[in-house]
Amino acid sequence: MEDNKQTRCFLCECYGEISDVVDLESIRKGLEHHPRIVSCEKVKSLCLEENIDELAKRIPLSPESRVLLGACSFLARGDAIITGLQKRGIDPKHIELVDLREGCAWIHRDDPASATKKAGDLINMGIAALVQRNYSEDLTIEPKQEVLVIGAGPAGISAAASLVKLGITVHLLDRAKTPGGLLNLIKKIAPETDGTPQHVEAFLYTVGNSPLVRYYPGSRISAVRGSAGDFTVEFTSGSDVKSINVGAVIIATGARVNLPGSLYRYKELKGVITGIELERSFKGPGMKVTSAVFIQCVGVRDADRPYCSAICCPVSLKQAIQLLEENPDAEVTILHRDIMCPGSVLEDYYRKAMEAGVRFVRYDQDTPPGILGAEQVEEIRVYDVITGRERRIDAELVVLSSPLIPHDDAARVAELFDLNRDIHGFYEVRSLMHPLETTKDGVLVCGSARWPVLARTAILQGEAAAMKAFALLNTDQLTATQISQFKERKFSLALVDRQACTGCGNCVAICPYDACSLEADQGAYKSTVSQMRCTGCGSCVSVCPNGSIQLPEQNALLIGEMLKAAFS
Amino acid sequence: MSAKPPHMKPVIVIGGGVAGITASLDLARAGTAVHLVEKGPALGGQVSALDKLYPTDHCAFCPLWTEVRNCMLNPLITVHTCAEINTITKTDGALKVVVDEHPRYIDENRCISCGRCVPACGVDAISTLGAHAYPPSYYIYREKCTLCGKCVDVCPTSAIDINRKAASSEILARDVIWATGFQDYDISPLEEYGYGTHPDIMSSLQFEEWTAESGLNRGTVVKKQDNKQPASIAFIQCAGARDLRLFPYCSAVCCMHALKQAQWVKRRNPQVQCVIFFTDMRAEGRHYYEYYLREIGGSSIELLRGRPGLIYPMPDEDGIAVKYENTITQSRQIRKFDMVVLNGALQPSLAKSKDSGYSPILDTEGLLSGISPTIKSCGFCREPMDVEASVVQASSAALRVHVGEEQ
Amino acid sequence: MSLVEDARLKAKNALEEGLVDGVLALARVEDEPYPYVFEDAAETGMLELEPKWLLAKLAMNILRSSRQDYRLGIICRGCDERALNELSKRNQFDPARLHVIGLACSAEQARICLCTKPYPASIALGEKSEGFDPREDERARMFLSDDPGTRMQHWAAELSRCIKCYGCRNSCPICVCEPCKLEDDLWVRRGEIPADMVSYHLIRAFHLSDTCVACGGCTDACPVNIPLMLLQVAMRETLANNYGYEAGTDLERLSPVLSDLTIEPCPPLMEPGWLDSLKVNHET
Amino acid sequence: MTQEILLSDHAESTRHNAAPKVVVFACKWCALIGADAAGKNKVQLPVNFRVIPVECASRVEADAVIRAFSSGIDGVAVMGCHLGGCRYNNANHRAAKRLELLRPLLDTVGIDSRRLFTSFGTAHEHHQFADVIGEFYRRLQDLPPVQAWSRSNMNDYRRGDT
């Protein structure tokens, strides 16, 4: 313990809130001849602007100077003191805040003697933490001002076009030969009431004509390395193999339409088609029928696929309206279990379909509709849950509305980028306030690859993903500790003592961010940590058999010393 | 190539909920200065008033408080709390926005949360901002305060100044993003729901506050009437929504919200019977249907299709009668419940900006129409949506403002 | 043909066919068993099988110190094989360079080692015999009794005789760390004899919680005869009940404790009633 | 004698009369918020617990828990986020599994595994943190004292006079 750190200690009375319970004077005297404490002062308060000015004057800016604050908790005013000192040039890592108010005085008011003893112990623990704390050296890289967008469906082209507006070079890579993804299969985009088609046209134009976009149709990714700010992606485009270096990746690979298999006598009976086949005929000769029935939730919201694909209801409404436009006195009925049209735009669309004359019959999962007919479909029998009677609807056309499901190669792409997939196979993203970000910093997912969405939502998600990627790259100095989105600084970055490491691989197996990996080093294996990926959670430290991997800011010695100081 | 210089004029984001916070953070991280105007005393909006969130059952403060803190600490974001938009007028190429800041009697940078002012106040007008508000500070509710000044003397850091007057500042902004979200709506005009006729008929947001873990009842579910545990609770969906007399739109969040509330009631006391009256159970978002299956299958929440015809306090005994048509038995039934939660009447809250040629154009349903090119808006005020969709739309609005392009 | 002759034959054939460059087994020299690497087929006449001698760590060190393409055969019992699996899972040596000649232990040997699985996966020598449940051994019954008081009594009495010779750690085939945490003053106070019961023995035991192959090496090595292997019994049972995992039986499957609950669930944590460990009363 | 904190011997003297000693490893994102809320609401709690904030429950090594028991601490609480809400991509799942595996070892040697309290997401409000710490204290008080394991008693065993 002989290093030269100089610790100055300030005990805050907090206008009596602490000093009424805790005898700060006895603690101050106890610390006066403590080997590690240079000076110890008792002050009336620490957190007001004038106090922070005064405090900052008494702390030298030298790298060895350390500050121990005995005040309130971080979430109370501690945060304000530390950010105040930081604004005045003092590195927050050299400050240790000991919570004497919420953590001691306020919860032990009826036992001042023990509270004082506890406060002394908490101060000792703070000293132990300051003395043992090391600092992880930060890694700084210059983020590549380029983004790879995978998939040129509505989400991908919206992301690409948005990145162009932000001045970022885009590598737009697509498995298919022509852009547009699922949009190529459809004539009108549901719901056509809110300008989605114009957006798609505008984006396609931007993508097609901007010098910032490098478009690689018909290509396939083979390898991915690196982390946020610096990814290296190899892919085969046509015959040649290319390798690009990008700062972020937006996965917009979309999803594919599921075929109903043998449900509702599909493929066995003429006139039983899927929504996609109906769309193809709309693009082609058109479809004039006198009576048609749509069946919703085909092969979905059941035991095998327990999820709602969200887009099939609006799409069926659109197609039903199109059928009535082609033949106003046709009879179009939609058999559904729930019409998923949340919000205002889709609810209007639902009402618009009703006004256009579409009939709706609700059926129950346990009593699915029956299709009658020898070769050509003639009649549908369905138990109408609302009226409680069985209905017979004659129909020359039955449209099976089936869900979007993940692409077949979704597993491969997830493997390349180390992404998790949920139980349905869609890419797993973080929740609530970070809906497009994956647990791999710098890799974003938007569009139906994340969850089935309509074109209008895919476009919004594309723009949002572009903005998030731009927010990551919009600096010339990307530091490893600053990457975390949910707070401004990572707590620490794991550090490996290569000499002690036995290469057992526990850290590699447990790391929730795949930041640890094993490298061969003269015949033996040693663990190395990718500082960009490491988030400082410490999982690796707790399973390393001989402690050769540590979090410098909270190493094993620090916790051991705090344990000793706890009840000294 | 250093970080891009911040655009010369700032952007005003109105509303400090999840959409406003996300838009401000994205703009600031992209290099644009932001003024975030929030009418309440702290950021967080409706989500911070919730107890739990679907579909992950997180506590509402958990994903929010770090984003609020990032907003407060970001040098490019200036947060105005207790502030509302007065006028927005178009000048040459910019918008002159007048922001009225209501007097905040307690200065949150000087309040050390010691709480001595609370006993000193005779009319109980002072309290903390909520369990997990940031920055933590006490707050004087202007409507209750009688300006007696007793609290001023007891405050050790002289943080209280009851003579503070409302101030209004003028900001020359490049653009405005509306992220004002939604608020609860009193649907007593629709008498059949019986709102206001019985203390235990409440809106879903009131029920959430009443049973919140960080609230008074600490998560236990009791009747407002007598603080006893209810035997059965009815959740009425689309009460006021999808109804041409009031809100023609579907409020999008209330089906899942009812499921969450019912599930948490069952988790806290399994013997309470929960019934949800619904029209369409719209659980179509990411992992929503699994949440629906887990709740329905697991903890015996009863789903009854159909909207109740009449809800009224039982004439002779305590309890609330719900008259509805049971579509399975094709018969009209009356069922007694101890509590009724009305879900659906959520009104987009719009800054009451006086007519200044630039007030937001509303579509027929009282929502900020997405079609009008000049107005950039995101979240519930533009279209009823849940947290994830609002956050995505906020980033998209931030992008369009940053690149200076029509929506 | 007796077991020993069969073993000698197999070793000789392996050497002659050039399958391996050496066979690690026991050799009896002046009536003393020694581990010995037979590189000359003629010497295999001296090969012995008794007594039980843990060769796993030895095999690892031989492979580490020999040339890259040196292939080693080993006459290895069930526990050796499980230990070698664990060591190769922890990247200590390349399993391809190892040729395992499986030797099944007798029922008495299983009785002595309290071994539940006294046979390797592929048995080349001897027949599979019944495993022995450690809880049936009357001495073990006191250490694993249902009453916490008796358990504490016996463990405290036994562990108080520990002279901290590190024999248990050195003989354990899995313990390969240098430096080892048990020599670090932070974890085990230096210079204290007997070793602090809790920090030395429990830290060592927990490090082996999901890797102990129940070879009994620690019990055999302990000069004051403390049944250290019994410390692992409860943990191995918990792993078997919760995850169906037994250390050393599968070359691919890593310890379930390192993975996510969504990948490898842990039933007691997943019960809807489980909120925290106070709400669930562990009546032990 | 320098202020250096020497652990071993004088920790014994304070144990018999004082309330049980508890160390709380509190995750900054959930349990520490509960502890802070308990402070803000001035909930009176038993005195003898010390909080060590950690970034995630997964940072708490089983060896640190064992080391705490060996240095005379009566109860260790590891408090993290609820099992779906960890900020670090389900790192708390590993912590939960690991501590669940530590319990049988503690029981085997007679240190009652109820001395290790693990809470995942049940202590983020002030009343929850207070209830949980209070209940843990009550449980510890009626468990047999841990002296059987402390250093001084070990020599008594050797002399066979207990």
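The values are calculated or read from the model by the stated rules, or taken from the named source; none is laboratory data. From a predicted model like this one, the values you see are computed outputs, not experimental measurements. Cβ atoms come from the backbone with ideal geometry, glycine included; neighbour counts cover every protein chain shown.
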Among the numbered criteria (1) touching a residue at least 40 places away in the same chain (Cβ under 8 Å); (2) part of a loop (DSSP other than H, G, I, E, B); (3) not assigned by TED's automatic domain parsing to the domain that holds residue C:11, which one does residue C:187 miss?
(1)
Grab the strands (runs of 3 or more DSSP E) fully contained in the stretch A:295-381, keeping just those with 2 or more residues being crowded, with 18+ Cβ neighbours inside 10 Å, touching a residue at least 24 places away in the same chain (Cβ under 8 Å) and not assigned by TED's automatic domain parsing to the domain that holds residue A:450.
A:331-336, A:359-362
Can you find a residue that is closer than 23 Å to residue D:103 by Cα, in contact with a helix residue (DSSP H, G or I) (Cβ under 7 Å, 6 or more places away or on another chain) and of a type in the set (S, T, N, Q) anywhere in the stretch C:112-132?
no
Which condition number does residue B:122 fail, the rest of (1) surrounded by 15 or more Cβ atoms within 10 Å (Cβ to Cβ); (2) in contact (Cβ under 8 Å) with a residue 12 or more places away in the chain being met?
(1)
If residue A:62 passes every condition in (1) modelled with pLDDT of 90 or more; (2) within 18 Å of residue A:88 (Cβ to Cβ) but one, which one does it miss?
(1)
From B:164, B:142, which residue is over 10 Å from residue B:106 (Cα atoms), in contact (Cβ under 8 Å) with a residue 40 or more places away in the chain and of a type in the set (Lys, Arg)?
B:142
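Within the stretch B:69-104, can you find the residues that are within 10 Å of chain A (Cβ to nearest Cβ) and either touching an Asp or Glu at 6+ places or on another chain (Cβ under 9 Å) or under 25 Å from residue B:166 (Cβ atoms) (or both)?
So in the stretch B:69-104, the residues within 10 Å of chain A (Cβ to nearest Cβ) come out as B:69-70, B:72-75.
Within the stretch B:69-104, B:69, B:70, B:72, B:73, B:74 qualify.
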Could you figure out which of (1) at the interface with another protein chain (Cβ under 9 Å from one of its Cβ atoms); (2) closer than 27 Å to residue C:211 by Cβ isn't true of residue A:564?
(2)
Kindly provide the set of residues from the stretch A:448-464 that are more than 8 Å from chain B (Cβ to nearest Cβ) and closer than 30 Å to residue A:537 by Cα, ordered by number.
A:449
Somewhere in the stretch C:102-123, is a residue outside any helix (DSSP H, G or I), crowded, with 18+ Cβ neighbours inside 10 Å and in contact with a strand residue (DSSP E or B) (Cβ under 6 Å, 6 or more places away or on another chain)?
yes
Looking at (1) in a helix (DSSP H, G or I); (2) polar (S, T, N, Q); (3) closer than 30 Å to residue A:143 by Cβ, which is the one condition that is false for residue A:245?
(1)
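Residues checked against (1) assigned to a helix (DSSP H, G or I); (2) surrounded by 15 or more Cβ atoms within 10 Å (Cβ to Cβ); (3) modelled with pLDDT under 90:
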{"residue": "B:321", "(1), (2), (3)": "no, yes, no"}
{"residue": "B:333", "(1), (2), (3)": "no, no, no"}
{"residue": "B:340", "(1), (2), (3)": "no, yes, no"}
{"residue": "B:365", "(1), (2), (3)": "no, yes, yes"}
{"residue": "B:385", "(1), (2), (3)": "no, yes, no"}
The correct count of residues that are buried (at least 23 other Cβ atoms within 10 Å of the Cβ) and at the interface with chain C (Cβ under 8 Å from one of its Cβ atoms) in the stretch D:80-89 is 0
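Of everything in the stretch B:155-203 that's among the polar types (S, T, N, Q) and in contact with an Asp or Glu (Cβ under 6 Å, 6 or more places away or on another chain), which residue is surrounded by the fewest Cβ atoms within 10 Å (Cβ to Cβ)?
Of the stretch B:155-203, the ones among the polar types (S, T, N, Q) are B:157-158, B:163, B:168-169, B:180, B:183, B:188, B:197, B:203.
Then drop every residue that is not in contact with an Asp or Glu (Cβ under 6 Å, 6 or more places away or on another chain), which leaves B:168, B:203.
Working: B:168: 13, B:203: 22.
In this case the residue turns out to be B:168.
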How do the pairs read when you match residues in the stretch D:101-117 that are closer than 14 Å to residue C:203 by Cβ and more than 7 Å from chain C (Cβ to nearest Cβ) with residues anywhere that are in a helix (DSSP H, G or I) and of a type in the set (Ser, Thr, Tyr), using Cβ under 7 Å and keeping only pairs 6 or more apart or on different chains?
D:106/D:113
Is one or more of the residues making up the stretch C:107-115 away from chain D (no Cβ under 14 Å) and of a type in the set (Asp, Glu)?
yes
Can you name the residue in the stretch A:509-528 that is surrounded by fewer than 17 Cβ atoms within 10 Å (Cβ to Cβ) and under 17 Å from residue C:177 (Cβ atoms) and, of all such residues, is modelled with the lowest pLDDT?
A:521
Inside the stretch C:129-167, the number of residues satisfying the requirement of being part of a helix (DSSP H, G or I), under 18 Å from residue C:220 (Cα atoms) and away from every other protein chain (no Cβ under 14 Å) is 3
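To keep it simple, each residue is scored yes or no on (1) over 18 Å from the mean Cα position of the chain (by Cα); (2) crowded, with 24+ Cβ neighbours inside 10 Å; (3) in contact (Cβ under 8 Å) with a residue 60 or more places away in the chain.
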{"site": "A:453", "(1), (2), (3)": "no, yes, yes"}
{"site": "A:463", "(1), (2), (3)": "no, yes, yes"}
{"site": "A:467", "(1), (2), (3)": "no, yes, yes"}
{"site": "A:470", "(1), (2), (3)": "no, yes, yes"}
{"site": "A:483", "(1), (2), (3)": "no, no, yes"}
{"site": "A:486", "(1), (2), (3)": "no, no, no"}
{"site": "A:499", "(1), (2), (3)": "yes, no, no"}
{"site": "A:502", "(1), (2), (3)": "yes, no, no"}
{"site": "A:507", "(1), (2), (3)": "yes, yes, no"}
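Out of curiosity, is residue A:270 among the basic types (Lys, Arg), surrounded by fewer than 17 Cβ atoms within 10 Å (Cβ to Cβ) and in contact with a Lys or Arg (Cβ under 6 Å, 6 or more places away or on another chain)?
no
Among the helices (runs of 4 or more DSSP H) contained in the stretch C:190-284, which hold 2 or more residues that are modelled with pLDDT of 90 or more, within 19 Å of residue C:89 (Cβ to Cβ) and under 21 Å from the mean Cα position of the chain (by Cα)? Before the answer, list the steps.
Numbers: elements: C:203-207, C:217-221, C:230-243, C:267-270.
Fully inside the stretch C:190-284 and qualifying: C:203-207, C:230-243.
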Quick one: in the stretch C:168-183, of everything that is more than 10 Å from chain D (Cβ to nearest Cβ) and among the charged types (D, E, K, R), which residue is nearest to the chain's Cα centre (by Cα)?
C:169
Condition broken by residue D:77, with the remaining ones in (1) facing another protein chain (nearest Cβ under 7 Å); (2) among the small types (Gly, Ala, Ser); (3) not in a loop (DSSP other than H, G, I, E, B) satisfied
(1)
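One line per residue, one yes/no per condition, for (1) of a type outside the set (A, V, I, L, M); (2) out of contact with any strand residue (DSSP E or B) (no Cβ under 7 Å at 6 or more places or on another chain); (3) within 30 Å of residue A:530 (Cα to Cα):
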{"site": "A:234", "(1), (2), (3)": "yes, no, yes"}
{"site": "A:246", "(1), (2), (3)": "no, no, yes"}
{"site": "A:264", "(1), (2), (3)": "yes, no, no"}
{"site": "A:270", "(1), (2), (3)": "yes, no, no"}
{"site": "A:280", "(1), (2), (3)": "yes, yes, no"}
{"site": "A:304", "(1), (2), (3)": "yes, yes, no"}
Right, residue B:235: touching a Lys or Arg at 6+ places or on another chain (Cβ under 7 Å) and not in a helix (DSSP H, G or I) or not?
no
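If you take the residues in the stretch D:46-67 that are under 12 Å from the mean Cα position of the chain (by Cα) and within 18 Å of residue C:209 (Cβ to Cβ), which one is farthest from the other protein chains (Cβ to nearest Cβ)? Outline the logic, then answer.
If we filter the stretch D:46-67 for residues that are under 12 Å from the mean Cα position of the chain (by Cα), which is where we start, we get D:48-52, D:60, D:62, D:64-67.
With the extra rule that they be within 18 Å of residue C:209 (Cβ to Cβ), the set shrinks to D:60, D:62, D:64-67.
Numbers: D:60: 6, D:62: 5, D:64: 5, D:65: 9, D:66: 5, D:67: 6 Å.
Looking at residues that are under 12 Å from the mean Cα position of the chain (by Cα) and within 18 Å of residue C:209 (Cβ to Cβ), I get D:65.
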